[in-house]
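Each value in this text was obtained by applying a stated rule to the coordinates, not by laboratory testing. This is a predicted model, so every value here is computed, not measured. All Cβ positions, glycine included, derive from the backbone under ideal geometry; neighbour counts span all protein chains shown.
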């Protein structure tokens, strides 16, 4: 039976490729007990899915080729940068506590399967037989295409420049008592996350325009692929993104000033960090002189600096000091 009948939207094909590739990566990482390929395997998986689905397409048009190329560019930069960074640093501290625990480490790789497959859905579906063979395909060049392409370009440049700026900043051995406030990091505490969110909303917007007709099954599938940018936004806002960065960052500066190993030169570290929070937007790039004057309610709602990210000195601070003492 032809593949377009068995798997009209490439969903089965891409889940099989993703599971096989990630399990292979897990076996290598677990056996050798290192994590230098972990992030690379995630990023390169996007590249493989985009390339395979385009290669298997019996026909193509400007839109699906552009969506594929944008995905390939995004995945190449991400995988290459993360691999270079971990090779330079030597290890990834995120895995220090789970690398030797089989099920915890395995769970991370299972999560990576879900992430890659779900976020790849727009390019997977736009390259599928059901969409490419639809009688209601639209030509590239709509207003939505312009919006999608603009979102992707802004997002990709933001993410790429911000990663490079932070990498160079850390390599310069900056003072410990001040957070990064150079380049794009002057306007946002997490510019790479902002850029990644824009990239995937851009890719989805481009893919969504592939067909017309409310009753078209291909259109329904493209509607459904909105889970890609939604899942990306959710992960970065509430799971593996900002939540894993904000409180640990605050904890570091708090202990520099109030910890048992605090030094005189770091006496202002916590005050510097608090001033940084007051003047720097958590996600959307905003000039500090503007952000500083905004009411707290606006920051906590429309600008997404939710209370869950806040480091409480009485609760989190006391706990951090106790943990430091117990380790010492």
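Below is a table of values for the structure above.
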| item | result |
| --- | --- |
| Relative contact order (%) - the chain, alpha-carbon pairs under 8 angstrom, separation at least six | 18 |
| Most to least packed among 290-300, 129-139 [average Cβ atoms within 10 Å] | 129-139, 290-300 |
| Anisotropy class of segment 3-241 from Cα gyration tensor, a/c 1.5 cut | oblate |
| Sequence-separation-based contact order of segment 249-327, relative, with Cα cut under 8 Å and 6+ spacing, percent | 32 |
| Approximate spin-label separation residue 135-residue 11, in nm, with each point projected 7 Å along Cα-to-Cβ | 2.4 |
| Sorted peptide list for 181-188, 205-212, criterion being average Cβ within 10 angstrom, highest first | 205-212, 181-188 |
| Cα gyration tensor category, rounded, prolate or oblate, for segment 146-190 with a/c compared to 1.5 | prolate |
